[in-house]
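Before any comments, here is the structure.
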Amino acid sequence: AQTVTQSQPEMSVQEAETVTLSCTYDTSENNYYLFWYKQPPSRQMILVIRQEAYKQQNATENRFSVNFQKAAKSFSLKISDSQLGDTAMYFCAFKAPYNNNDMRFGAGTRLTVKP
Amino acid sequence: GAGVSQSPRYKVAKRGQDVALRCDPISGHVSLFWYQQALGQGPEFLTYFQNEAQLDKSGLPSDRFFAERPEGSVSTLKIQRTQQEDSAVYLCASSLSSGSGKSRANVLTFGAGSRLTVL
């Protein structure tokens, strides 16, 4: 079974600085999808960024980028130029491609951006 | 609608009461998922629908939990004889895809959740 581990329960960063959130996963699959979701206090889970395992190039979405290390099964999220609105819970998620209902989430990292 | 809508946003129930939580997915989305999110935890899978068919209910914690999606759009999660351990946020998500394929089709769009507190 796939598992997702987020080893940082809480992180903080100064506004405008850069922060990296860690995620590791365990799978025997070669092809899969990885996601980072943001959950602000409103509780709405918002997709931040996604990565297909067969793509070597790291995904980037504006201030958000990932460091995908397939051999190490690591999928960290880097937030550049942190903004106060980035304060939220961040969840890493793994999904096998053949099973539409098999999405596993990590326990989350609470990020606080300080002014 | 433009997003996934869930109601009620907050529900307080006395132990032993039945509750019903509603999810209105994005129009045209084939797949619908229910997750349970305990305080300080990530979402845990409960059940999955493809149109009106409930293809996987392996995550439902007990037979007190029941979900339906009779017409392939709106879904209801029902919890009978609620217990304190049922207190959680119940998230609904939908996706366009019915299975494997391009990554865009695997993206889940979540609702804001229903927070259930059982006293």
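Among the residues of the stretch B:22-74, the one identified as hydrophobic (A, V, I, L, M, F, W, C), more than 30 Å from A:Gln6 (Cβ to Cβ) and in contact with a Lys or Arg (Cβ under 6 Å, 6 or more places away or on another chain) is B:Phe66.
Answer yes or no as to whether B:Arg69 is within 8 Å of chain A (Cβ to nearest Cβ), surrounded by 15 or more Cβ atoms within 10 Å (Cβ to Cβ), modelled with pLDDT of 95 or more and over 29 Å from A:Ala53 (Cα atoms). Step through it out loud before you land on a result.
Working: within 8 Å of chain A (Cβ to nearest Cβ): no; surrounded by 15 or more Cβ atoms within 10 Å (Cβ to Cβ): yes; modelled with pLDDT of 95 or more: yes; over 29 Å from A:Ala53 (Cα atoms): yes.
No; evaluated as a whole, the condition is false for this residue.
Are any of the residues in the stretch B:96-104 assigned to a strand (DSSP E or B), surrounded by 15 or more Cβ atoms within 10 Å (Cβ to Cβ) and not hydroxyl-bearing (Ser, Thr, Tyr)? Scanning the stretch B:96-104, I find no residue that is assigned to a strand (DSSP E or B), surrounded by 15 or more Cβ atoms within 10 Å (Cβ to Cβ) and not hydroxyl-bearing (Ser, Thr, Tyr), so the answer is no. Among the conditions (1) more than 11 Å from chain A (Cβ to nearest Cβ); (2) assigned to a strand (DSSP E or B); (3) closer than 29 Å to A:Gln8 by Cβ, B:Pro61 misses just one, which is (2).
Look through A:Phe35, A:Phe64 and report the one residue that is closer than 24 Å to B:Leu91 by Cβ and crowded, with 21+ Cβ neighbours inside 10 Å. So that I can check it myself, show each step before the final result.
Values: A:Phe64 fails: crowded, with 21+ Cβ neighbours inside 10 Å.
From the options A:Phe35, A:Phe64, the qualifying one is A:Phe35.
Taking strands (runs of 3 or more DSSP E) as the structural unit, those lying wholly within the stretch B:2-46 and holding at least 1 residues that are facing chain A (nearest Cβ under 9 Å) and touching a residue at least 12 places away in the same chain (Cβ under 8 Å) correspond to B:31-37. A Cβ distance below 7 Å, combined with a sequence gap of six or more or placement on separate chains, defines the contacts here; from the stretch A:45-56, residues that are facing another protein chain (nearest Cβ under 8 Å) reach residues that are among the hydrophobic types (A, V, I, L, M, F, W, C) in the pairs A:Met45/B:Leu91; A:Met45/B:Phe110; A:Leu47/A:Phe35; A:Leu47/B:Val107; A:Arg50/A:Leu34; A:Arg50/A:Phe35; A:Arg50/A:Ala59; A:Arg50/B:Val107.
Set side by side, the residues B:Glu71, B:Glu44, B:Glu52 differ, and just one is of a type outside the set (Phe, Trp, Tyr) and under 11 Å from the mean Cα position of the chain (by Cα), which is B:Glu44.
When the stretch A:74-115 is filtered for residues that are surrounded by fewer than 22 Cβ atoms within 10 Å (Cβ to Cβ), over 12 Å from the mean Cα position of the chain (by Cα) and polar (S, T, N, Q), the ones remaining, listed by number, are A:Ser80, A:Ser82, A:Gln83, A:Thr87, A:Asn99, A:Asn101, A:Thr112. Only one entry of B:Thr109, B:Thr82, B:Thr76 meets the criterion of being among the β-branched types (Val, Ile, Thr) and within 9 Å of another protein chain (Cβ to nearest Cβ), and that entry is B:Thr109. If the condition is being over 12 Å from the mean Cα position of the chain (by Cα) and either closer than 19 Å to B:Gly16 by Cβ or modelled with pLDDT of 95 or more (or both), then the stretch B:89-119 contributes B:Leu116, B:Thr117, B:Val118, B:Leu119. Within the stretch A:23-44, does at least one residue satisfy the condition of being part of a loop (DSSP other than H, G, I, E, B), at pLDDT 95 or above, β-branched (Val, Ile, Thr) and out of contact with any Lys or Arg (no Cβ under 6 Å at 6 or more places or on another chain)? The answer is no, given that none of the residues of the stretch A:23-44 is part of a loop (DSSP other than H, G, I, E, B), at pLDDT 95 or above, β-branched (Val, Ile, Thr) and out of contact with any Lys or Arg (no Cβ under 6 Å at 6 or more places or on another chain).
The values are calculated or read from the model by the stated rules, or taken from the named source; none is laboratory data. This structure is a prediction, so every number in the text was calculated from the model and none was measured. Neighbour counts run over all protein chains shown; Cβ positions are idealised from the backbone, glycine included.
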